[in-house]
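Here the structure comes first, spelled out in structure tokens, and everything after it is commentary.
Read-outs: derived from the displayed coordinates by stated rules, not from any lab. Just so we're clear, the structure is a prediction, and the values are computed from it rather than from any experiment. Ideal geometry is used to build each Cβ from the backbone, glycine not excepted, and the neighbour counts take in all protein chains shown.
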């Protein structure tokens, strides 16, 4: 699910740029690992040439325990099915500018922020590119202080690049293949008496 959510965001930002500036052979944003970007700006985690102006990377994730449903059973036509609750995740995604032209990179960063200012909630009903299993993604700008920015870029092992961090809520992960079933309780016997 994480890959589907990030691929959707990559496509959505590229579509926003294409609608604004016209179709282009160059990707404006590319999904990749910013930590693997070399100083020349021409490599990503997949080993492909990075001909984009920005890179989208997952830098952290957390479980959203508040939105978690504690119920681990549900009714089916045949009885009851037991399954551990879906794990709900918040993803922290970084859009970092990889373009060599600093002014153009800042303009690209501004348009990325503008893209999510105009569309911060994505639902599968309204956005056919969004996988139906994701249902809904909500983006909010996540601001770091200078110390946190220093720690983030130190962890990524690189020099600071102009960037923006977003918190993407809520990506659900669930294994629907593994579940235990049972029958409905139809009668109770208490002290040799039948209660229905």
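Would you mind calculating the gained length between residue 82 and residue 24 on full extension (0.36 nm times residue separation, minus the Cα-Cα distance), in nm to one decimal?
Value of the extension gain: 16.0 nm.
Under the 0.36 nm per residue contour assumption, what length would be gained going from the current alpha-carbon distance of residue 189 and residue 2 to full extension?
62.5 nm
Can you put 55, 30, 1 in order, fewest other beta carbons within 10 Å first?
1, 30, 55
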